[in-house]
Amino acid sequence: MIAELRDDPPSAPPQKVSAPPALPRVSVGHVGRLEVTWRTRWLIFAHVVIFVASQMVDEFVEWIAAPLHLVPAQASVLEITLGLVFFLLWSACMLALIRGPGRRSGPD
């Protein structure tokens with residue numbers, strides 16, 4: 001075959017229009033372990049609610065004792081009981097938070 005020679009160079013093939021590169025996702029530490037799941041968010045929310053409620057034990061006792069006409073000795077027992085209940089709730093949430101979001105698959 002005989003090649004056909006021309007004086008002008010061949011035109012360049014059309015360039016693909018590419019989308020701009022995606023921004024990298026910034027994360028600190030090990031992403032698999034530091035991911036905040038819905039379970040973790042609910043546990044954090046429960047911690048906040050229990051903390052606020054434990055700070056208001058005196059007010060709760062006043063609100064409950066007045067309509068029930070409790071004597072001061074009964075009100076103090078109620079205050080200690082509510083404090084113990086909030087402590088146990090806090091402990092249960094803390095154990096669930098320490099246990100983590102689930103079984104980890106990796107050895108590290």
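Scan segment 8-26 and tell me whether some residue there is modelled with pLDDT of 70 or more, charged (D, E, K, R) and more than 16 Å from the chain's Cα centre (by Cα). Yes; the residues of segment 8-26 include at least one that is modelled with pLDDT of 70 or more, charged (D, E, K, R) and more than 16 Å from the chain's Cα centre (by Cα).
Total residues in segment 60-87 satisfying the condition of being open to solvent by 70 Å² or more (accessible area, probe 1.4 Å) and not in a helix (DSSP H, G or I): the figure is 2.
The values are calculated or read from the model by the stated rules, or taken from the named source; none is laboratory data. Fair warning: this is a prediction, and the values are worked out from it, not measured in the lab. The protein model used for the area step is the full one, side chains on, heavy atoms only, and it has no ligands, DNA or RNA in it. Shrake-Rupley method; radii C 1.70, N 1.55, O 1.52, S 1.80 Å.
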